[in-house]
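Down below is the structure, laid out as structure tokens.
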Amino acid sequence: MADEAAVRAQAEAVRRLKQDKADPDEIAKEVAKLLEMKAQLGGDEGKHKFVLKTPKGTRDYSPKQMAIRERVFNAIITSFKRHGAEVIDTPVFELKETLTGKYGEDSKLIYDLKDQGGELLSLRYDLTVPFARYLAMNKITNIKRYHIAKVYRRDNPAMTRGRYREFYQCDFDIAGQFDPMIPDAECLKIVHEILSDLQLGDFLIKVNDRRILDGMFAVCGVPDSKFRTICSSVDKLDKMPWEDVKNEMVGEKGLSPEAADHIGEYVQLHGGLDLIERLLQDPKLSQNKLAKEGLGDMKLLFEYLTLFGITGKISFDLSLARGLDYYTGVIFEAVLLQQEDNHVEESVSVGSVAGGGRYDGLVGMFDPKGRKVPCVGVSIGIERIFSILEQRVEASEEKIRTTETQVLVASAQKKLLEERLKLIAELWDAGIKAEVLYKKNPKLLNQLQYCEETGIPLVAIVGEQELKDGVVKLRDVATREEVNVGRESLVEEIRMRTSRP
């Protein structure tokens, strides 16, 4: 009798033969032997027990969870479409070289796939790099698009906080050469719109600019070669106190304590137009070309956001760094705020739910002639939002409908299956969402109970008398009121009753 070790050894022998391009007959013989050993193993009483779990960092979604999720998607898509976006899709995996070198220190989180058919592939890490590749490949210089799809990160995530290895991103991007800050302001308006619509509670959208950061690093004495790595340290300020970030910069990344202290003076500042004006007068920053450009655009951005009426939720925050390598200008991140308790005015952040920024150089990396297409975009963190709404539904014990069925076709007597099927076909053909129980002679009580359990609002009852009179008895499940409706008017009556808010 074969054991598992013997099967593994035989499988390895087959693999080697294939690798050495051995005689096909010999390979076939060894494969047959392997299959026989596997069959013996399968018949063994102690056969392999399946571990019934989803892989780490992933989850299944029940119908109830999917109903909540669809609600969120609909709100997001409605906003994207309101702003004139088209929709695209790209493959779930890309050539490895497409993704390499675009994510800074996060590149280690990319999932590489085994070589299949001579191509080195990786699962997409986000939707932005595939979008840039799509633009360059199709020579597109102007598009406003949204893309909702799954992305993959080889992370050790805290699933309780809505972080996963496989998760959805909802991206909106504007590509094209336009006057400064108008598309950027629209992206921030969209974030504001979606978070307000979903009623997640108080939120804040932090805004900064990569040029202001780079100018600040330069005047603080950070060497060019350390810009990106120091940037990723600053990005941790929302999770770690300044002292810990400083220790990382000095201890792990070799920055001088003086440079770190200079950075500390700036990155703890946040405010609005007044802060921008103050920094434009700052003796050091105003001398740096990059920082001055960034501050000038930031001022313009705030003027547009004032016109949109959303500056109350926006904060210019010098600690915002966003670690991705491809950002070139404005960067932003939306965080949900939570009151610590009723007596304290101060709000605490409970995590990022959206982020984005301007990336003017990414498309040029893919274009054979290096042609640049300026882009700005935002990504909505659907998983975090979904976790919050799911917890809220659990706490409120709100009953969530998992189907959209408008009416159940039922019968009051036996031997009416054919009549039920005829009627439901009429309803389906008219576009009505209808169900029927899969029993020849179900009891009326069971049919009504099914409606109660699933939230179906109406029951269309056919009985011998109704058939004679050419009517259908329409019952409102909630009020238990019944009316006879002519067969020809039934569709219209159901539509009217189910379209009420």
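The values are calculated or read from the model by the stated rules, or taken from the named source; none is laboratory data. Bear in mind the structure is a predicted one, so any value in this text is a computation, not a measurement. Positions of Cβ are backbone-derived with ideal geometry, glycine not excepted, and every protein chain shown enters the neighbour counts. Just the protein is used for accessible areas: all its heavy atoms, side chains included, with ligands, DNA and RNA removed. Shrake-Rupley method; radii C 1.70, N 1.55, O 1.52, S 1.80 Å.
Just a few scattered comments:
- Cα Rg, Dmax (largest Cα-Cα span) when computed across the range 1-41, Å: 10.1, 30
- Gain upon complete extension [VAL393, ASP476; 0.36 nm per residue less C-alpha separation]: 27.3 nm
- Ranked from largest, the principal axis spans of the Cα set of the range 151-228 equal 41, 37, 28 Å.
- With a Förster radius of 56 Å applied to the C-beta separation of ILE400 and ASP3, the computed FRET efficiency comes to 0.70.
- Angle in degrees between helix 417-429 and the longest Cα principal axis of the chain, rounded to the nearest 10: 40
- D (Stokes-Einstein, µm²/s), Kirkwood Cα radius, the chain, 1.002 mPa s at 20 °C: 77
- Taking a ≥ b ≥ c as the square roots of the eigenvalues of the Cα gyration tensor, the range 352-469 is prolate, since a/c reaches 1.5 or more and a/b is larger than b/c.
- The chain - percent of accessible surface contributed by carbon and sulfur, probe 1.4 Å: 51
- In straight-distance terms, cross-link reach from LYS313 covers every one of the aspartates and glutamates whose alpha-carbon lies under 18 Å from its own, apart from those fewer than eight places away in the same chain; here that gives ASP184, GLU186, GLU193, ASP197, ASP202, ASP209, ASP238, ASP274, GLU303, GLU333, GLU345, GLU346.
- Cross-link pairs beyond the 27 Å C-alpha cut-off, checked among LYS56/LYS114; LYS422/LYS473; LYS414/LYS468; LYS144/LYS206; LYS53/LYS433: LYS53/LYS433
- Estimated FRET transfer efficiency when R0 is 56 angstrom, pair GLU252-LYS38 (beta carbons, to 0.05): 0.65
- Projecting label points 7 angstrom from Cα along Cα→Cβ for SER107 and GLN281 puts them 4.4 nm apart.
- FRET efficiency for LYS226 and PHE178, using Cβ-Cβ distance with R0 set to 30 Å, rounded to 0.05: 0.35
- Rounded to whole Hz, the Karplus (6.51, -1.76, 1.60) HN-Hα couplings of the range 202-211, x for glycine and proline: 5, 9, 9, 9, 8, 10, 8, 9, 4, 5
- Range in the chain, longest, excluding exposed GluC sites (Glu not before Pro) [loop by DSSP; at most 13 other beta-carbon atoms within 10 Å]: 46-339
- Stokes-Einstein diffusion coefficient of the range 218-375, Kirkwood radius over Cα pairs, 10 °C, 1.306 mPa s, in µm²/s: 91
- Cα shape, the range 118-194, gyration tensor, a/c 1.5 rule: oblate
- Cα gyration tensor shape of the range 1-100, rounded if a/c is under 1.5, else prolate or oblate by comparing a/b with b/c: oblate
- Here the chain is treated with +1 on each Lys and Arg Cβ and -1 on each Asp and Glu Cβ, and its dipole about the Cα centre works out to around 1240 debye.
- Within the chain, the longest run free of chymotrypsin sites (Phe, Trp or Tyr not before Pro) that sit in a DSSP loop with at most 14 other Cβ atoms within 10 Å is 179-437.
- Sparse packing (at most 15 other Cβ atoms within 10 Å of the Cβ) combined with a DSSP loop state is found for the following trypsin sites (Lys or Arg not before Pro) in the range 91-151: LYS114, LYS139.
- Accessible surface for the chain, divided over its residues, is 54 Å² per residue with a 1.4 Å probe.
- Compared with the alpha-carbon gap, the fully stretched path from TRP242 to THR141 is longer by 32.2 nm at 0.36 nm per residue.
- Rounded to the nearest angstrom and listed largest first, the equivalent-ellipsoid semi-axes of the range 406-501 from its Cα gyration tensor are 18, 16, 13.
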